[in-house]
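For reference, the structure discussed in these notes is given below.
The values are calculated or read from the model by the stated rules, or taken from the named source; none is laboratory data. Everything quoted here is computed from the prediction, not taken from an experiment. Heads up, the Cβs are rebuilt from the backbone with ideal geometry, glycines too, and the neighbour counts pull from every protein chain shown. SASA here: full protein model, heavy atoms, side chains in, ligands and nucleic acids out. Shrake-Rupley method; radii C 1.70, N 1.55, O 1.52, S 1.80 Å.
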Amino acid sequence: MKFISIFLLSSLLTFPLFSQNQQYQGKFEPIDNMIPQPNVYRSASGAPGKAYWQQRADYKIKAALNEKDNTLNGDETITYYNNSPDDLRYLWIQLEQNVNKKENEDFGYAFGNVRDSMNTRHMQFLTRAIDFPAGYTIKYIKDTNGKAIKSLVNNTMMKVLLNEPLKSGESLTFSIGWSYHITDRSMYLLSREGYEYFPEDNNTVYLIAHWFPRMAVYNDTEGWQNKQFQKLGEFALEFGDYDVEITVPADHIVASTGDLKNETQVLTKTQQQRLANARKSVDKPIMIVTPEEAKANEKNKSNKTKTWQFRAENVRDFAFASSRKFIWDAQAVPLETHTVMAMSFYPKEGLPVWSESSTLAVKNALEVYSEAVFEYPYPVCISVNTSNIGMEFPMISFNGGRPINGEISDRAKGGMISTIVHEVGHNWFPMIISSDERQWMWMDEGLNTFIHQRTMKERYPDYPHTEPKSIVPFMSGDKSIMRPIMTSSDNDLLSQFGANYYQKPTVGLQMLRQSIVGEELFDQAFKEYANRWKYKHPNPADLFRTLEDATAVDLDWFYRGWFFTTDNVDMELSNVKWFTVSDEVNIENKGKTVKANIEAENAGENTQDFTSGPEEITMVTTPDQAYGQFLSRMDEPKIRKQLYKKNIYEITVKNVGGLIMPLTIEWQYTDGTSEIDTLPAEIWRTNEYEITKTFIKAKEVKKVVLDPKFEFADTDMKNNSFPKVEEASDFDKFKNKTKN
């Protein structure tokens, strides 16, 4: 620190300083002690370190869908690559289907306990009165020589005890045989997969996901990510290549992750020609299976089977859907370096809105996300219609939203389109930028919703989209039940997680982009994060550090408040003082304590508006000792001349909510014009509770407003104005309502 003379310091302290009586909370302190320290694997810049590593798992799977008893049987061969510096004596494998066993919770309690007149479906969630034979049957685990490998199952995780340690840098190939009963989705809350039965035509749509035993993640920050699957916290998965053969009834149509490798064996010549035409159609979707053909398919159930073959490269998961009810349309979406096939699969119950809107929504999402993040790398992107959910997987998503008797409201249609855009967006977060959903739900849901809402605003401006005011009801809520964003996925309340993990991170990123960092700089930094961590496993610290590294903006204050606390934004414009400077100079008081300073300090303390006019203050000549060792002197008459007839406004702002933010101040002038001043968040550094700031204005002000564009989710706008806005009483509101 540079030396400051005691004489100069004492002269500075003769001016009134603002006191702070409340405890310092360190809102601008670095968050280094709140996040993991950088190391050779993850650098201080937020980029992967030189020694960064991650595991890999390739799969070859053969599965058969039995429609008669709704079971899925499979055999898979896994080649697991140990790229870690550690030798592994055992492996952990995820068995998500076991979560549907009766002894596991199904979140029915989240919507109330047992009560009179509760509906039967809710009672099923609570009691599991109908005991479904859920969960895996593991038939065998064996090595390439056919030798059995011992395993131990702990609910949704299986520990594979290796016959010999898997050494660092080596790989292991082993096989698992398994089967399970596919769940009826209507019987489970938060059912992301299973089957949906259609009584009218006695057919079923199968959504097959979390369907095969999958390798758990082993990484540099946790070792094995072997937390139990409890439905809210989703998945942590390794990348790999998939070769998958799916045997289904011969009249089924299959939508799947990956490229279809045997279309000549599973599609008719007419369907093959239509698909070829769709690959050239960039303006509109082409029907591969028409509504009329799908309706005809529903009437007869084939006793034969077909095997569909798919290959997917460098993906972290694999899912598919199968039904004879499917209508199928597709079109080409040219991107910068390649063309993607956008496709939709839906039953007749989705008509007409799905044929009109689904593939178009896929196209819009592909284009906006590819520009905002990085280009979509895969060959296909599929939207499958289902009920009650939106759920994502590489290249394919299951999306709710259906008309009733062919009719759909604008609101429901907007919700359907928004769901499709959101689930397609998950291809980036977390399917490629592969964060740990089981630990940090907000890193996939929040970052994805941020770009999803940008897509809706750009391509569907007439539909609602999230903005800062959207989070106000949540931020104003009961703090006793509220969790910070930086809470593990399964530990939040079911009633809170939508706002906390989707909306709040989205609004936070919107604030950074639009009001704190700036669009161009933020967009570049966000892309930097995405490209650093695509096909890798980022943690929150990697995002936090990258955004600072790529913007040169200290954002620790923002991370600390927005992500690690439940504070809210509530800035109160508690007072505005109005002064003018007299054209006289008080020479007699040169070098003395001046009464005018005291009067100025106390001026306007009790004013409620500007009707009393300004307080006139007199400037005095600066005493020599105030200059310290400087020999030069300011041109004081010139300064007084510049201030004469100007308006000096001193504003006081209180931080009521606890969350610091920049200040935008709108000045509304008596001549009908206005202007906005912006103060950075750093104005709160020396006092986290209250700040005072002085402005010079040529015009007279009639009103001052904080956050006029509602950029910062201020939870109480009634205290953002001076003169204060009088809120109508309940009686006046009622009286005005009756008049109208």
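Before moving on, here are some points about what is shown:
- Rounded Å value of the spacing that divides the Cα centres of the stretch 257-303 and the stretch 382-443: 23
- Whole-Hz couplings from phi, Karplus 6.51/-1.76/1.60, listed for the stretch 710-717; x for Gly and Pro: 6, 7, 10, 6, 5, 7, 9, 7
- Partner lysines whose Cα lies under 29 Å from the Cα of LYS27, excluding those fewer than 8 positions away in the same chain, are identified as LYS2, LYS469, LYS479, LYS504, LYS527, LYS577, LYS654, LYS693, LYS709, LYS718, LYS724.
- Count Lys and Arg as plus one, Asp and Glu as minus one, and take only other residues whose Cβ is under 15 Å from that of GLY49; the net charge is then +2.
- Tilt relative to the chain, helix 519-533 - C-alpha long axis, 0 to 90 degrees, to 10: 40
- Charge dipole of the stretch 189-307 about the Cα centre (unit charges at C-beta), most positive-ward option of THR257, ASN203, PRO213: ASN203
- Calculated over the stretch 325-391, the projected area of the Cα convex hull averaged across directions stands at 4.7 nm².
- Charge tally for ALA294 (other residues, Cβ to Cβ under 12 Å; Lys, Arg +1; Asp, Glu -1): -2.
- Relative contact order [Cα under 8 Å, 6+ residues apart], the chain, whole percent: 11
- Net charge, ALA63 excluded, C-beta distance under 14 Å - Lys, Arg +1, Asp, Glu -1: -1
- Shape summary: the stretch 398-546 maps onto an equivalent ellipsoid whose semi-axes, from the alpha-carbon gyration tensor, are 25, 19, 17 Å in decreasing order.
- Ranked by how many other beta carbons lie within 10 Å on average, peptides 478-485, 361-368, 390-397 from highest: 390-397, 361-368, 478-485
- 20 °C / 1.002 mPa s Stokes-Einstein diffusion coefficient of the stretch 357-422, Kirkwood radius on C-alpha pairs, µm²/s: 173
- Taken one residue at a time, the phi angles of the stretch 77-88 give Karplus couplings (6.51, -1.76, 1.60, θ = phi - 60°) of 10, 10, 10, 10, 9, 8, 8, 7, x, 9, 7, 10 Hz. Gly and Pro are set to x.
- Rounded percent of accessible protein surface that carbon and sulfur make up, the chain, 1.4 Å probe: 49
- Global geometry of the chain, whether rounded, prolate or oblate, following the gyration tensor of its Cα atoms and the 1.5 cut on a/c: prolate
- 3J(HN,Hα) couplings calculated from phi for the stretch 318-332 with the Karplus curve 6.51 cos²θ - 1.76 cosθ + 1.60 (θ = phi - 60°) are, in sequence order, 8, 9, 8, 10, 8, 5, 7, 7, 5, 8, 9, 10, 7, 8, 8 Hz; Gly and Pro show x.
- About the Cα centre, charge dipole magnitude for the stretch 145-283 (Lys/Arg +1, Asp/Glu -1 at Cβ), debye: 240
- Based on protein heavy atoms only, the chain ends up with 45 Å² per residue of surface accessible to a 1.4 Å probe.
- Computed from the Cβ-Cβ distance with R0 of 60 Å, the FRET efficiency linking THR622 to LEU494 stands at 0.40.
- Gyration tensor (alpha-carbon) shape descriptor, the stretch 202-315, a/c threshold 1.5: prolate
- Tensor-based shape of the stretch 281-367 (alpha-carbon gyration tensor, a/c under 1.5 rounded, otherwise prolate or oblate): oblate
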